Amino acid sequence: MHSTRERILHHLKRQPGASVEALTQSLELAPMTIRQHLTRLASDGLIEVQSERRPVGRPAHVYHLTPASEERFPKAYERLSHLMLEEMTLDDGTSDWSSGPGRREAFRKVARRAAAPHRAQLAPLEAPERLEAAVEILRAESGFTELERTSAGVEVREYNCVFQRVAEGHEEICAFHTEYISQLVGVAVELDACQCDGANACRFRVTAEEIETE
C-alpha cells in the first residue's frame, strides 16, 4: 500500500473520526492530496465518511476505519493458537476450558508462559525503566502500543488488538492480554477499557504507586 495511505490508516487507528484538516496538520500534506488518498481508501472499503455536527456552521466530514481495514494491522492469531496448543499439551490437569472463569485462568497461565522469554531482559530494570521496556516489546508485537500518563495515573494503551477477531465474543482473551502486560511490567495492571466494547484503545491502568509517581 502507498505509504501515505498507510499513514492515514495509522492516524485513524489512533484517532478515529479525524477530519481532512486534522489529517493535513498531522501528515503535513496538502488538503487535496489527503482527499485523493481518502477517496482511494474509501473505494477500497478501508475507511468510511460520516457527518459530524458542529456548534456552528455546516456538519463536518470525519473519517473512520471499517472492519475490513483491521487485517492491514499486525495480528497474532497463529501465535495464540500455538500458545494454546502448547498449554494443552503441557497441562497437568488443572486447567478448565469448559467454563468462563476456567478459561480466563487458563489464558492467564498461557500469558505467563508467553512472557517468560522476556523476564531475564526485564527483571534487572527499575520499575519505570521496566515499564518503558515492556511498552517497547508490546509495540514491536502490535505496532500501536503507547504509554500515557494521565491525572488518574499511568496507562498502557493498546490501539491494535492482535487478537481482535478472536476476542470479539470471547472476552476471556482479555485475561491473556492483561496478565501478559502485568508479567512484562512486573506489577499488576487492570483493564479499564476494551476495543471490543467500542473503546478506541484497550487501556490497562498500572496500579503500582512507584511507577505512577515517576
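When the residues of segment 20-38 are narrowed to those that are charged (D, E, K, R) and in a helix (DSSP H, G or I), which ends up surrounded by the most Cβ atoms within 10 Å (Cβ to Cβ)? Quick ask: steps written out before the conclusion?
In the first step, residues of segment 20-38 are kept if they are charged (D, E, K, R); the result is 21, 28, 35.
Next cut, in a helix (DSSP H, G or I) only: 21, 35.
Values: Glu21: 11, Arg35: 14.
So the residue we want is Arg35.
With the requirement that a residue be in a loop (DSSP other than H, G, I, E, B) and either exposed (fewer than 14 other Cβ atoms within 10 Å of the Cβ) or hydroxyl-bearing (Ser, Thr, Tyr) (or both), what does segment 56-95 give you? Talk me through it step by step, then tell me what you get.
First, the residues of segment 56-95 that are in a loop (DSSP other than H, G, I, E, B): 56-59, 66, 73-76, 91-95.
Those that are in a loop (DSSP other than H, G, I, E, B) and either exposed (fewer than 14 other Cβ atoms within 10 Å of the Cβ) or hydroxyl-bearing (Ser, Thr, Tyr) (or both): Val56, Gly57, Arg58, Pro59, Thr66, Pro74, Asp91, Asp92, Gly93, Thr94, Ser95.
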Kindly check whether there is at least one residue in segment 39-55 that is assigned to a helix (DSSP H, G or I) and touching a helix residue (DSSP H, G or I) at 6+ places or on another chain (Cβ under 8 Å). yes
Among the residues that make up segment 143-158, is at least one of them surrounded by fewer than 19 Cβ atoms within 10 Å (Cβ to Cβ), among the β-branched types (Val, Ile, Thr), under 19 Å from Cys196 (Cα atoms) and outside the structural domain of Ala68 (by TED's automatic domain parsing)? no
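Here is a yes/no grid of residues against (1) touching a residue at least 60 places away in the same chain (Cβ under 8 Å); (2) more than 18 Å from Val166 (Cα to Cα); (3) acidic (Asp, Glu):
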{"site": "Ala30", "(1), (2), (3)": "no, yes, no"}
{"site": "Ile34", "(1), (2), (3)": "no, yes, no"}
{"site": "His37", "(1), (2), (3)": "no, yes, no"}
{"site": "Val56", "(1), (2), (3)": "no, yes, no"}
{"site": "Ala60", "(1), (2), (3)": "no, yes, no"}
{"site": "Tyr63", "(1), (2), (3)": "no, yes, no"}
{"site": "Glu70", "(1), (2), (3)": "yes, no, yes"}
{"site": "Pro74", "(1), (2), (3)": "yes, no, no"}
{"site": "Leu80", "(1), (2), (3)": "yes, no, no"}
Suppose we filter Pro101, Pro16 for residues that are free of Cβ contacts under 8 Å to residues at least 12 places away in the same chain and either within 27 Å of Glu158 (Cα to Cα) or of a type in the set (Ser, Thr, Tyr) (or both); which single one remains? Pro101
Tell me, which helices (runs of 4 or more DSSP H) lie completely within segment 125-188 with 2 or more residues that are over 29 Å from Ala68 (Cβ atoms)? 127-142, 172-185
Of the criteria (1) touching a residue at least 12 places away in the same chain (Cβ under 8 Å); (2) exposed (fewer than 14 other Cβ atoms within 10 Å of the Cβ), which one Ser3 fails: (1)
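The values are calculated or read from the model by the stated rules, or taken from the named source; none is laboratory data. Just so it is clear, the structure is predicted and the values come from calculations on it, not from any experiment. Counting neighbours? That spans all protein chains shown, and the Cβs are built from the backbone with ideal geometry, glycine included.
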